[in-house]
1. Take the conditions assigned to a loop (DSSP other than H, G, I, E, B) and within 15 Å of the ligand (Cβ to nearest atom) and apply them to SER260. Does it pass?
2. Hey, ARG17 hits all of (1) basic (Lys, Arg); (2) within 16 Å of the ligand (Cβ to nearest atom); (3) free of Cβ contacts under 8 Å to residues at least 24 places away in the same chain but one; which does it fall short on?
3. Identify the residue in the stretch 84-108 that is assigned to a loop (DSSP other than H, G, I, E, B) and of a type in the set (Lys, Arg) and, among all such residues, is nearest to the ligand (Cβ to nearest atom).
4. Tell me, yes or no, whether the stretch 182-195 has at least one residue that is of a type in the set (Asp, Glu), under 30 Å from LEU128 (Cβ atoms) and in a loop (DSSP other than H, G, I, E, B).
5. How do the pairs read when you match residues in the stretch 114-127 that are modelled with pLDDT under 65 with residues anywhere that are charged (D, E, K, R) and surrounded by 16 or more Cβ atoms within 10 Å (Cβ to Cβ), using Cβ under 7 Å and keeping only pairs 6 or more apart or on different chains?
6. From PRO205, PRO199, grab the single residue that is of a type outside the set (D, E, K, R), more than 13 Å from the ligand (Cβ to nearest atom), exposed (fewer than 15 other Cβ atoms within 10 Å of the Cβ) and at pLDDT 95 or above.
7. If you go through the stretch 63-83 one residue at a time, how many are buried (at least 18 other Cβ atoms within 10 Å of the Cβ) and within 16 Å of the ligand (Cβ to nearest atom)?
8. Kindly establish whether SER210 is on the phi < 0 side of the Ramachandran plot, among the polar types (S, T, N, Q) and in a strand (DSSP E or B).
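The values are calculated or read from the model by the stated rules, or taken from the named source; none is laboratory data. This one's a predicted model, so the numbers in the text were calculated from it and none came from an experiment. Ideal geometry is used to build each Cβ from the backbone, glycine not excepted, and the neighbour counts take in all protein chains shown.
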Amino acid sequence: MYQLFHTQLHDAIYASRLLEKTGLHIRPINDLGELREIPPSGIINGDGYNHVDTLQFVSQLSTNGQITYIHIDDHSDREFTQSWLWGKPDYANFTIPLSRLPHIHKVIYLCIHPKFISRDSHTLEYCLELLNSSEIYSGGNTNFKGSDFFELNQRDREQILKPEIKRALNQNRSIEYYEEWGWDSSFGIFWKSSSEFDPSKIETPNVYVSVDLDVLDEKVQVPTNPIFSRGILTLDGLIRIIKDIKLKKSIVGFDITGFSLHDSKVRIEGAKQTLPQIVGAFY
Ligand SMILES: [Mn+2]
């Protein structure tokens, strides 16, 4: 069983009202210190813009050893935005600092739309960090696999030819096909199909799960902010993933983000059916 909290945001309070009939006791979270309570905590957070709060939730966890962070979202939330240039994490980039937290073993990006894995051209250091700290699975329940290529600058091209860098790259199965395309012009990051995701292969016994509801197909009745794109995951697909993680790993905390009062298309009666199923999958 989890302690269930909601943040003090209108969207999160609204979402917790949609869960009223479940009988779950959902308290407002006033102090992040409460996240250290046993049993572990689940948090209903607000709009997709508030997904950056996950960085705080995860920082505050008291953990026994390292944990794996599982990011279920249409977006990777590791893009270089304006605020990132100012040194401030936001909803679009917070998984970068999150992946650098000392108690985070690895970040698993799950059901991400390929378009949102990496859209900028990055340095070799960035690509190596991404390869070493994460696994990427593309959207929905599809068999779609793909790759991102980054053009390297002259300095990075020289770097990549160094034996120790080549060795590091070769050790990572994400780029095992790379050499066929040559070493000297660009750098590839590969992602797997989400149907390949298997929680029993996660190296740590403890995991934290963050769900952004925009990962779900538009047909699923959940109120999200229309400004963010929706993914192609089905409700059953999401529930199956959560239950599979729960079966094989210990979930030390979770949050659900992406609720929005501004979604006029969603039917409230539909959301009252859907939300309890998603939250219920964690119990
Ligand atoms: Mn998202």
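1. Spelling it out, SER260 is indeed assigned to a loop (DSSP other than H, G, I, E, B) and within 15 Å of the ligand (Cβ to nearest atom).
2. Every condition holds for ARG17 apart from (2).
3. Only one residue tops the list, namely LYS88.
4. Within the stretch 182-195, one or more residues are of a type in the set (Asp, Glu), under 30 Å from LEU128 (Cβ atoms) and in a loop (DSSP other than H, G, I, E, B).
5. Close Cβ pairs satisfying both conditions: SER118/ASP148; ARG119/GLU79; ASP120/GLU79.
6. None of the other options fit; the residue is PRO205.
7. 11
8. So SER210 passes the test.
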